[in-house]
Structure formats: structure tokens, C-alpha cells
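**Q** Structure incoming, see below.
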Amino acid sequence: HTGDDDEDNVLDKQLLHVIISCVSMLALKLPPDHAYTAKLLDWLTDFALKRNLPTIPLTKSYLTLLLAMVARCKAEASLLDSIAIQLSHLFGSVNEVEVEESPLSLSLVTDTTMAIALPLLCNNISASLDQVEWLVARLRAEQATVMLPAVTGDSPRSRRERICREEKNVVSQLGHCVNVTQSLCCVAVPAGPCTEAVFRLLSRSYTVLTALTKYFTSKCSAQCVDYQHARFGKLVKLAGSHLSSQVADLILYVEELGKDTKDKKVKEAQVLSQARKQAIYIPRLVSDLENFSKAVTLLSKKCKDDGLITNMKLTTTRDFRINTKKLQEVMRRNHEGGSEDEDMEISHVQPSQGNSSVVRGKENEPQVSQRERGNSSQPPAKKLRSK
């Protein structure tokens, strides 16, 4: 009967795949604000909390559906944040940072499925960031029409009030995204797709933060500080201080990946591959972080609000350019098969003035003014939850 049992298992798995596909097709056709849609999301969440699925592809399909429904219903970010915290416990945390307990624990997310859950969560947050970026572009367009003659009969004052409400909504949505991103930034991700997914998400987060900062810069002044009514300063503190500190720790952690491999040929191949990819996504991330810092500084100067600057983490300059000679040497030795035991550090940092990025350094701190030292003396908090 073993053959019959195996055949039944295959049929069961195929049936589960068909069911998930059908539910996905129907669920995404339901109106987001319909009562049935909310009930379906509750059922999907309850299943993920209590049950698991027999294969990784089925788990991936189910998590994709669950995350899509969370985004479609614009549900609270508590579920997403819980998944991120759960992944921190499964993967471990960078620098053994103490991670809070997750209020929810999904049975679907285990040590065998965490490698697919993390990129799915990153993609979901990136999609939310795309929506926020679109809302920022819409705010720009609406702001340009505030003083135009009314087509619908509303007054400039009512338009400004509507824009103010929308600004608060955008800051709140972006705050939820940054909160989840901050939790993911603590995850000790392995080299590969998980690392790339987290770095892409971080870059996207700072890009959208910069866009929102530039929007407030374009409309605000010392006499008009609408960003304060939208609680933008709290978002700057979360992204510019706490998240940036963890970004620096994550970069240093990722640069060390692969150096403990004992197999020399495997190590050289891994370091070479990682170095090529790090040469792209690490400088991009720190460049996006620097652009956000510059945008906040410009807003602070224009509105004469020193509080925004104090929320930004004091950073130091680092160059993430790959040492080309060592990279070529590893490629040559890989081609020849290798002849000597030698530790190669592909991501060796060379001083440079033309290709630098801003990241908090732990060594060789540059000389700063007395005022900057005063601003940087406060230790960063490990976790900040936006309300």
C-alpha cells in the first residue's frame, strides 16, 4: 500500500495547490472594503497561525496570497511586523541585538520556510512603498492646484485641509513600512537572495523618504511648518537615527559573510560572488541614505527647525569600492585551480574621495566639531515603535 499512499499524497498536494490558486483568483476580485474580504483575511490569518502546509511551494503560494490580502485590505501592519520579528528569531539577529517577542507567531513560518518568507515580506513592503510614492506625487499635484479657481466648488481652505489630512495618512503609512523594515534590518540574513531582498527594500525605503522630505521642503517655510502637523519629525527620527544605526551594523555584518568558510575554493567563489553584488547594492544603499540626510538638512535649514537635524544620526564617510587587483587575483586563481592558501578579502576598503558613501563607522571616527559631538553623544535606542 506504500505506492497507493504516495499517490494519494501527490494528489492531495495537487488539490491543495488548485484550492490556493482558486482562492487567490477569487480573493483579489473582491472589493477591498467588502465584509466578505475582511472575513477572508481573518480566515487566512487564522490558518497561517495554526496550520502549516506540506511543501515549500504550497507555503510560498499561501504566504503570497496572505500578504496580498493584507495589502489589499490596508490592514494594520501588526501582522507584517510580527512576521519580521519572527524571522529575526529564526535567522538570528545582527550583533546579537535583543529582539522583542512577536505578538503573533505563524505556524507557516519555520526554519524550513523562512528563506522564502523573508523575500516575500520584503516585496510586499516594497509594493506598499510604491503606493506611498504615488501618493506623494499626487500630493504635489494637489498642492499646485490649491489656489486655482474651484471646479468642484470647494474653497482653497477646504483643499488645504484635505491635503493636510492626506499628508498625515502618507506619513502614517510610511511609518508602518519603516517599522517593518527596521525589524527586517535586525535579521542576520544569509548571503544570497535574502540579503539582496533586504538591501533593495532599504534602498527603496530611503528613496521614498527622500521624496516625501523634498515634498515638504517645496511647500514649507519658517512660517509654514505643515510637516509638524503630519508628525513628520517622528518619522525622521525613526528612519534617520534608529534605522540608520542598524543599517550600518547590517552592512558590516554582510561584509563579513563567507569569511569563515573552511573550504578554500568554496570560500574564494563565495567571496568573489558576494563582492560583485556588494559592489552594487551596498553603495546604492548608502547613497540613498546620504540623499535622505541631505534632504532633511535642507528642510531643517529652510524651516529653521534644528530638531530635525538632531534626529539624524551623525555619520562618517566610507568607501565601498572593491579592490580591483584582489578581485582579478581571485578570478585568476579560480581559473588556474589555486596553488596557495591565502585569505582574500574582496570587500577591502580603499580610501577615496570620489566614491564615498555615508554610513556610521565604528572605528577611525573623524574629527568633528564640539557642536556635532554634543548631538552625537546620545546612544541610539534599539527599537522604536511608531504609534
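**Q** Sorting Ser287, Ser158 on the 10 Å Cβ count, fewest up front, what's the list?
**A** Ser158, Ser287
**Q** What are the residues whose amide H is under 5 Å from the amide H of Val187, where those residues sit 5 or more places off or on another chain and H is modelled from the backbone?
**A** Val94
**Q** What's the whole-number percent of alpha carbon pairs in the stretch 2-106 lying beyond 16 angstrom?
**A** Beyond 16 Å sits 65 percent of the P(r) for the stretch 2-106.
**Q** For the stretch 135-238, what is the convex hull volume of the alpha-carbon atoms per residue, in Å³?
**A** It is 101 Å³ per residue.
**Q** At what distance in nm do the modelled label points of Leu28 and Lys301 sit from each other, each positioned 7 Å from its Cα along Cα→Cβ?
**A** 4.6
**Q** Cα convex hull of the stretch 86-176: how many Å³ per residue?
**A** Cα-based convex hull of the stretch 86-176, divided per residue, equals 147 Å³.
**Q** Can you pull the one-decimal nm distance between simple spin-label points at Glu142 and Ser78, each 7 Å off the Cα toward Cβ?
**A** A separation of 2.8 nm, rounded to one decimal place.
**Q** Also, I was wondering about something else. Within the set of other residues whose C-beta is less than 15 Å from the C-beta of Arg140, count the net charge using Lys and Arg as +1 and Asp and Glu as -1.
**A** Around Arg140, the surrounding residues sum to +1.
Each reported figure results from applying straightforward, stated rules to the coordinates on display, with no laboratory input. Here the structure is a predicted model, which is why all the values come from computation and not from measurement. Positions of Cβ are generated from backbone atoms using ideal geometry, with glycine treated the same way; all protein chains shown enter the neighbour counts.
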